[in-house]
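Data first, discussion second: the structure below is written as C-alpha cells.
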Amino acid sequence: MKKNRLRVLAMAMSAVMLAGCTTTPSVGTGTQETAKPSESAAAADTTAEAGAAEAESGDTGDTSAVQQEFPPLKVARDRPLKVGYLYSNLEAESCTRSYNQIRIEAPHRGWELTEVYFSQQKPEEARTGMQTLITQDVDAIVIYNMEIVGIADLILQARQNGIGVYNVDNQLVPGVVANSCQPNGVAAAEFAYYMGEKYLWNANYAVITAPSLQVHVERTDPIKAIYDQYPGMKLLGEESLNPSGSESMGQQAYNYTKRFIEKYGTDLDILITSYDGAAVTADEAAAQAIGGTDVAIIGVDGGSETWSHMRKGGNFKYSYAQPTELYCHKICELVDELQIQGLTPGDNGCSISAYGETIYSSGKIIDQDHVPAPNQSIHSVFDFYGGDPDDQEAWYNWNDGPGIYMIADK
C-alpha cells in the first residue's frame with residue numbers, strides 16, 4: 001500500500017514540475033494519430049470492437065501505447081458548426097457552470113448546439129445519447145465529466161465518422177482529441193501541504209471520494225500519499241461514492257460523514273471530499289452532530305452554493321476553486337482551430353501539439369476568511385485570468401445565451 005502511495009506521490013510531483021501553475025497547453029499521455037481517409041470499413045469495425053472489449057473489461061490500457069488511425073476531422077468553414085454537448089450531473093456546480101459556458105460559447109461563435117442529458121442513475125442513457133449525436137452527424141461532441149469508459153467504443157465510432165470528440169474535466173480514452181481540466185494531482189498536493197501546515201502535520205483525517213471517476217481519485221490519492229510520509233497524519237477511514245447508486249452522491253456523502261463523526265467524534269480533524277457537492281452535504285451532517293465537531297471539511301470545485309455554505313461559518317472551511325469556464329472555453333477554442341480553421345495538432349496557432357493531449361489550467365484555494373462576494377462575475381474569482389476586466393472583446397465578457405455566471409448568495 002505504501003509503495004502504491006509513494007508511486008502516486010512521485011507522479012503528482014512530476015506533474016508539478018511539468019505543469020506548475022501555467023495555464024498554457026501541456027502535453028498529456030494521449031493517443032498519437034495518423035489520419036487515413038481511405039481506411040477500410042473492416043479496419044474501422046476492428047477498432048470499434050477492440051474499444052468495446054476494453055470498455056466491457058473496464059481496462060483501456062495505456063492510451064499512449066495504442067496506435068489509432070482515424071479519418072480527418074470534419075471542417076465547417078462555410079456553414080455553422082454542429083456541436084453536441086453530452087452531460088449528466090448538474091448536482092455539482094462545476095457541471096452547471098460548464099453547461100452555462102457552452103451555452104454562451106455556441107451562440108457567440110454561431111454554432112448549432114445540440115444538448116443531450118442523461119441520468120447518472122441510468123448510464124445506458126449515455127450510450128443512447130452518444131449514439132443519437134453520431135446518428136445526427138454532428139461535427140464535434142463535447143463531453144463533460146462522467147464515467148466515460150462505458151462509451152469508449154462509441155467514441156471510436158464517432159472518430160471514424162470524422163466527428164471530433166473532446167472532454168472537459170474528464171479522463172482520456174482512445175479517440176478523444178483532447179481534454180481540458182486542472183492538473184488535479186497538483187491541486188491535491190497543494191491542498192495537502194496547505195492543510196498539513198495548518199495542523200503542523202499532526203492531525204487525523206478521513207476521505208470521501210468516487211473511485212469510478214478518475215478525476216476524483218486524482219484529487220484524493222496524492223493527499224493520502226503525502227500524508228503517509230508524516231507519522232503525525234493518520235488516516236481514520238475512507239468511503240467511496242457511487243455515481244450510479246440509488247442515492248445521490250451528495251446524500252451518500254452526508255451518510256458517510258454522519259458515520260465518521262459518530263465513530264470518531266472530535267478525534268476527526270480533517271474530512272477530505274473529492275468535490276464540493278459532497279463537502280456541502282458533509283457540512284450539513286456535521287452541523288447536526290450530537291455534541292458538535294471541530295472537523296474541517298475540504299472540497300474541490302467552487303461556485304455559489306459552495307461559497308454560500310462557507311460564508312455561514314460552518315465546518316466547510318476550504319475549497320479548491322476550479323476555473324471551469326476556462327476549461328470549457330479552451331476546448332471551444334480548440335474546436336474552432338481544428339474544425340473551422342482547419343488546423344492540425346502541431347500547427348502554428350493550434351492549442352495542442354498532438355492528439356490526446358490535456359490542456360491544463362490552474363485554480364486556487366479559497367478559505368472561509370476570503371470567500372468571493374455575491375453579485376460579481378465568476379471570472380473575477382480568477383482575476384480575469386490575467387486579462388483586462390474591462391476588455392469587452394475578451395471571452396470572459398461574452399454575455400450570449402444565458403449570460404455570464406454570476407456568484408449568488410444561495
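In summary, helices (runs of 4 or more DSSP H) completely within segment 175-271 and bearing 2 or more residues that are of a type outside the set (Phe, Trp, Tyr), at pLDDT 95 or above and within 16 Å of the chain's Cα centre (by Cα) occur at 184-198, 214-227. Taking the condition open to solvent by 10 Å² or more (accessible area, probe 1.4 Å), outside any helix (DSSP H, G or I) and of a type in the set (Lys, Arg), does residue 317 pass? Against the criterion (open to solvent by 10 Å² or more (accessible area, probe 1.4 Å), outside any helix (DSSP H, G or I) and of a type in the set (Lys, Arg)), residue 317 qualifies. Does residue 272 meet the test of being farther than 30 Å from residue 359 by Cβ, in contact (Cβ under 8 Å) with a residue 24 or more places away in the chain, open to solvent by less than 20 Å² (accessible area, probe 1.4 Å) and not small (Gly, Ala, Ser)? No, not satisfied.
Checking each residue in segment 303-314 for being assigned to a helix (DSSP H, G or I), buried (at least 24 other Cβ atoms within 10 Å of the Cβ) and not hydrophobic (A, V, I, L, M, F, W, C) picks out 306, 309. For beta carbons closer than 6 Å, sequence separation of 6+ or different chains, a first residue in segment 74-100 that is without any contact (Cβ under 8 Å) to a residue 60 or more places away in the chain and at positive phi and a second that is outside any loop (DSSP other than H, G, I, E, B) and surrounded by fewer than 22 Cβ atoms within 10 Å (Cβ to Cβ), there are no qualifying pairs. A single entry from 168, 149 fulfils the requirement of being touching a Cys at 6+ places or on another chain (Cβ under 6 Å) and among the hydrophobic types (A, V, I, L, M, F, W, C): 168. For segment 323-333, the count of residues that are under 26 Å from residue 270 (Cβ atoms) and assigned to a loop (DSSP other than H, G, I, E, B) is at least one. For segment 77-100, a tally of residues being in a loop (DSSP other than H, G, I, E, B) and either surrounded by fewer than 20 Cβ atoms within 10 Å (Cβ to Cβ) or within 18 Å of the chain's Cα centre (by Cα) (or both) returns 9.
The values are calculated or read from the model by the stated rules, or taken from the named source; none is laboratory data. Every value quoted in this text rests on a predicted model; they were computed, and no experiment measured them. Note that each Cβ is placed from the backbone with ideal geometry, even for glycine, and that neighbours are counted across all protein chains shown. We work out accessible area using only protein heavy atoms, side chains counted, and drop any ligands, DNA or RNA first. Shrake-Rupley method; radii C 1.70, N 1.55, O 1.52, S 1.80 Å.
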